[in-house]
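Student: Just passing along the structure, written as structure tokens.
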Amino acid sequence: MNLKQLTLKSIQCAALLVLFLVARPTHAGDSVPFHATYETEFSVDVTPPLAAVSATGTGLATHLGRMDVESISEIVNLATGEGIATYRYTAANGDAIEVEIDFNVTPTPTGFVSSGTWQVTNGTGRFHGASGSGLIAGRIEFTGADVGVARLVLDGVISSPSGL
């Protein structure tokens, strides 16, 4: 091999190494970014100091596309601002993920701001066996004494043995 062939071979090897290390394809189980925005209409049933929330809505999420949103359970301690919820996000084809959300709310003149963490607890279809977690933030505005609208954003990662 001459010097020119050796240099070309070195460049090709370096390029292959970079492709392998940087541009790896996503395999089942790998974490991929997850982002969701949604809006729900909710109602609240207060038995001091707890508030039980029921919510439904729609939104957009990576790997789900347009989605329906439904609270399975949600309780907020109005004395401490701490809450826990389980939500289901369902894609148009019926595949769904369920997340548990641990959050805190801070009062505003017309409602609350919310922030916390979420973690995938269940999935169906291509999300069967999924895992993932991240942060949630949003605004909750009351439109009546016990009803309102929430606008929320989830950011984090999700992975699935079924592959996304």
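Please treat every number below as a calculation from the coordinates, not as lab data. This structure is a prediction, so every number in the text was calculated from the model and none was measured. Don't worry about glycine lacking a Cβ; one is built from the backbone with ideal geometry, like all the others, and counts go over all protein chains shown.
Student: Using label points projected 7 Å from each Cα along Cα→Cβ, tell me how many nm separate ALA52 and ASN77, to one decimal.
Tutor: In this crude spin-label approximation the distance works out to 1.9 nm.
Student: For each of ILE84, ILE140, ILE101, ILE158, count neighbouring Cβ atoms within 10 Å of the residue's Cβ, then give the residues from fewest to most.
Tutor: On the way: ILE84 14, ILE140 23, ILE101 19, ILE158 26.
Ascending Cβ contact count within 10 Å gives the list ILE84, ILE101, ILE140, ILE158.
Student: Taking the Cα centre of each part, how many Å lie between the range 129-148 and the range 108-128?
Tutor: Answer, in whole Å: 6.
Student: Right, something else. Dividing the Cα radius of gyration by the Kirkwood radius, what Rg/Rh value follows for the range 65-164? Walk me through the numbers before you get to the answer.
Tutor: Details: Rg = 14.4 Å, Rh = 14.3 Å.
We get a ratio of 1.01 for the range 65-164.
Student: Additional query: In what order do HIS63, HIS35 fall by count of nearby beta-carbon atoms within 10 Å, going from fewest to most?
Tutor: Values: HIS63 21, HIS35 14.
By the 10 Å Cβ count, ascending, the order reads HIS35, HIS63.
Student: Convert each backbone phi in the range 139-156 into a coupling constant with the Karplus relation 6.51 cos²θ - 1.76 cosθ + 1.60 (shift: θ = phi - 60°), then list the ³J(HN,Hα) values in order as whole Hz, x for Gly and Pro.
Tutor: 10, 10, 10, 7, 10, x, 4, 9, 9, x, 10, 10, 10, 10, 10, 10, 9, x
Student: Separate question: Between ASN104 and GLU41, how many nm apart are label points set 7 Å from Cα along the C-beta direction?
Tutor: 3.2 nm
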